[in-house]
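> Supplied in structure tokens, the structure appears directly below.
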Amino acid sequence: MSFAAPEDVIARGARRRFVASTVIDAVGSGLWVPFALLFLVHGRGLGLVEAGAALTAGGFAGLASVPFVGAAADRLGFARVLVAGNVLRFGCFLCYPFVSGGWQVVVLAAAVSVGDRLFWTANAPMVTALTNGRDVEKVLGTQTVARFAGAGIGAACAAVLPGVAGAALYDVLAWANAASFAVAALLLLGLPNVIGPPSSTVPVKAGWRELARERPYVAFCATHVLFALASVAKFTVLPLVVFDVLHGPQWIPGAAVVVGTVVIVVGQRPITAFVARWSRARALVFGGVLFAVSFAALAPLTALPAPAAVVVILGFSVLVSVAEAVFAPTATAAAAAAAPPHLAGRASGLFQLSWGVAQVAAPVLMAGLLSAGNAVLWSVLAVACAATVPAVLRLRSTLPAGVLG
């Protein structure tokens, strides 16, 4: 995908505003994920099952917006869509302290999910338009750091607040999150509204049909589902394995998450700089191999003595986080580079849908695999990640020149 040269599109100071806005957005989004259930149960008095079901239903409903969000990005421009996503979530988090029932949570969670889709669909094309070459990965890597930092803050709140906070403090934190999205929107105002070529005004259905004929791009998104599943699964099921299979202490999953977060926050920038020496294909292959090795290492956990199992779990956390740091910016940058210019918004929407599919499928899939046994769970994940290697090597020759080169 190509746009006008970055210096023709936006001044250096304005570009910094864009990066600052998206970092604030990523922190706010990352913070809410581990904090949401705690807020609804302890802050608003909902039952755990009711709150969880409402958040899941709302998030799933938001995925249905992807076709319309992608078309909107192509027609209206990426900056406008980014602003709309921030404004929508600003309004949602202002309303969260007033919810009193599950149906209200479903509505707000669906709206937040739409706001997330607006942000992530417009983000990568905007980054591509405002940066040169492999600098795309640097900006995306910075956003990854912000997202993990936000998740770490949210996890810390989830660990500390139940013992010290009343309902009023939960409300203040929700409003503070709303304020962060307002600031992010304000920073974007006045930026040039980067938009694709005029042919991006094709009807919604026609545009998606045309994108579906871009088989190499669709195949790349399908391959990315496996990467996304690895990313989502890496810590999702680990607490259940520790508690129900290994009967281990409560601190182990938390320690693994902390170690992984530190690796991302501290290591993302140097890892991105190092990987920039490689082709994107090599980086994705390396990420897939690291994921596969990480998951395979957990397959024999039940046969290990407790101290060795702890060491393996913490080592897994390091390896899988390095894999995340390698693959996430690289895959997003490759998807943006491979997208047909006049369908950049729709293409980005399809790529983001691969994340959504993994997020929706992971809980059910992980639970089903774990019910078949610990070794089955991690072996299947390892094989799935290993399958990305031949897929990426095949895509290197079918995607447009330079995308994975």
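> Using a Gaussian network model of the chain with C-alpha springs under 10 Å, which one of Ala53, Ala334, Ala72 is most mobile by mean-square fluctuation?
Greatest mean-square fluctuation among the candidates belongs to Ala53.
> Is the stretch 207-398 best put as rounded, prolate or oblate by its Cα gyration tensor, with a ≥ b ≥ c the root eigenvalues, rounded for a/c under 1.5, and otherwise prolate when a/b is larger than b/c, oblate when not?
Cα axes put the stretch 207-398 in the prolate bin.
> Please say if the chain is rounded, prolate or oblate, where rounded means a/c under 1.5 for a ≥ b ≥ c the square roots of the C-alpha gyration tensor eigenvalues, and otherwise the choice is prolate for a/b larger than b/c and oblate otherwise?
Because a/c hits 1.5 or more and a/b fails to exceed b/c, the chain counts as oblate.
> Given a cut-off of under 8 Å on Cα pairs at least six residues apart, what relative contact order in percent is computed for the chain?
Contact order relative to length: 27 percent.
> How would the stretch 6-196 be classified by its alpha-carbon gyration tensor: rounded, prolate or oblate, with rounded meaning a/c under 1.5 and the a/b versus b/c comparison settling the rest?
It is prolate, given that a/c is not under 1.5 and a/b is the larger ratio.
> In the Gaussian network model of the chain, springs joining C-alpha atoms below 10 Å, which of Ala124, Ala372, Ala292 carries the largest mean-square fluctuation?
Ala372
> Could I ask something else about it? Would you look at the GNM of the chain, springs on alpha carbons closer than 10 Å, and say which of Ala179, Ala306, Ala84 moves the most?
The residue that fluctuates most here is Ala306.
> Please report, ordered by residue number, every helix of the chain (full DSSP H runs) that is 24 Å or longer along its axis going by C-alpha atoms and whose mean Kyte-Doolittle hydropathy reaches 1.6.
Helices meeting the criterion: 167-188, 251-275, 280-298, 306-338.
> Per DSSP H run of at least 4 residues, take -39500 (n - 2.57); add these up for the chain, divide by its residues and hand me the 222 nm value, nearest 500 deg cm²/dmol.
-27000 deg cm²/dmol
> Within 15 Å, Cβ to Cβ, of Gly102, how many net charges do the neighbouring residues add up to if Lys/Arg are +1 and Asp/Glu are -1?
0
No value in this document is a laboratory result; all are computed from the given coordinates. Owing to the predicted nature of the structure, the values given are computational and were not obtained by experimental measurement. Here the Cβ is made from the backbone with ideal geometry for all residues, glycine too, and neighbour counts use every protein chain on show.
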